[in-house]
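Visitor: This is the structure I have questions about; it appears just below.
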Amino acid sequence: EISAFNECISLKNIEIDADNKVYKAIDGNIYSKNGDILIKYIPKLGETKFKAPSTVSVIGNCAFYECKELKEIELPENLRTIESLAFYGCKSLKSISLPSSTSIIDFRAFAKCTALENVNLPNGLLLIDMEAFDGCISLKSIVIPNSVMKIGTRAFNDCYSLEEASVPGGMDIMEA
């Protein structure tokens, strides 16, 4: 399980043997062998901005789990899925813009991102899963695109600053 690195706060770099058939390292971060899944971002001292390679279509489970220093993350244009807990606890992240290809925001993907004020959700997004933005206490407004078919239970739970939410009709909103 790649989340085994979640509490390794002194870890600065990861190297993976070139013959490894499952994983590879790019700039000290862990990716699937073909580079389409960002499996684990390894925080670097003083790094506040990260740009994912254009090959990435999936941000994996716990990929940025509790990355406390990152303020800006640039996602690739072909991103499809943000998996469970991908950005959980990214306490410095203030804004994120999801590319138009993004269709799934999975369980607790942005939960506990306490500084998150602005989220740009693209047309084409289909699912905002359970507790996706739970505890995003600085989030002030959200516009749900017409393409969203389902918003999961407690997707915006404990978003105390949320003043405005635009939600189109015809979608399945799960009961709390």
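Each value in this text was obtained by applying a stated rule to the coordinates, not by laboratory testing. Because the structure is predicted, anything quoted here is derived from the model rather than measured. As a convention, Cβ positions derive from the backbone with ideal geometry for all residues, glycine included, and neighbour counts pool all protein chains shown.
Visitor: Between residue 167 and residue 147, what length in nm is gained on full extension when 0.36 nm per residue of separation is reduced by their alpha carbon distance?
Guide: 6.1 nm is the gain from fully extending residue 167 to residue 147.
Visitor: Along the charge dipole of the chain, pointing to its positive end and built from +1/-1 on Cβ of Lys, Arg, Asp and Glu, which listed residue (70, 115, 152) has its Cα farthest out?
Guide: 70
Visitor: Under unit Cβ charges (Lys, Arg +1; Asp, Glu -1), what dipole magnitude, rounded to 20 debye, does segment 92-155 have relative to its Cα centre?
Guide: Approximately 100 debye in magnitude.
Visitor: Right, another one. Just to be sure I understand: if I project the alpha-carbon convex hull of segment 1-99 onto a plane and average over all orientations, what area do I get in nm²?
Guide: It is 5.8 nm².
Visitor: What number, in percent, do you get for the relative contact order of segment 27-176 if the mean sequence gap of Cα pairs under 8 Å and at least 6 apart is divided by its residue count?
Guide: 15 percent.
Visitor: Given axes a ≥ b ≥ c from the Cα gyration tensor, I'd like to know whether the chain is rounded (a/c under 1.5), prolate (a/b larger than b/c) or oblate.
Guide: prolate
Visitor: Can you give the extra length, in nm with one decimal, that the chain gains between residue 140 and residue 26 once fully stretched, where that is 0.36 nm per residue apart less the Cα-Cα distance?
Guide: 37.5 nm
Visitor: While we're on this one: Only bridges whose two residues both fall in the chain count here: according to DSSP, what percent of them are antiparallel, nearest 5?
Guide: 20
Visitor: Report, in listed order, any pair from 49/150; 51/94; 33/112; 49/91; 12/71; 40/94 with a Cα-Cα distance greater than 24 Å.
Guide: 49/150; 33/112
Visitor: Ok, one more. How far is it, in nm, from the label point at residue 68 to the one at residue 55 when both lie 7 Å from their Cα along the line to the Cβ?
Guide: 3.2
Visitor: Also: Multiply the residue gap between residue 115 and residue 95 by 0.36 nm, knock off their C-alpha separation, and tell me the result in nm, one decimal place.
Guide: Result for the pair: 6.4 nm of gain on full extension.
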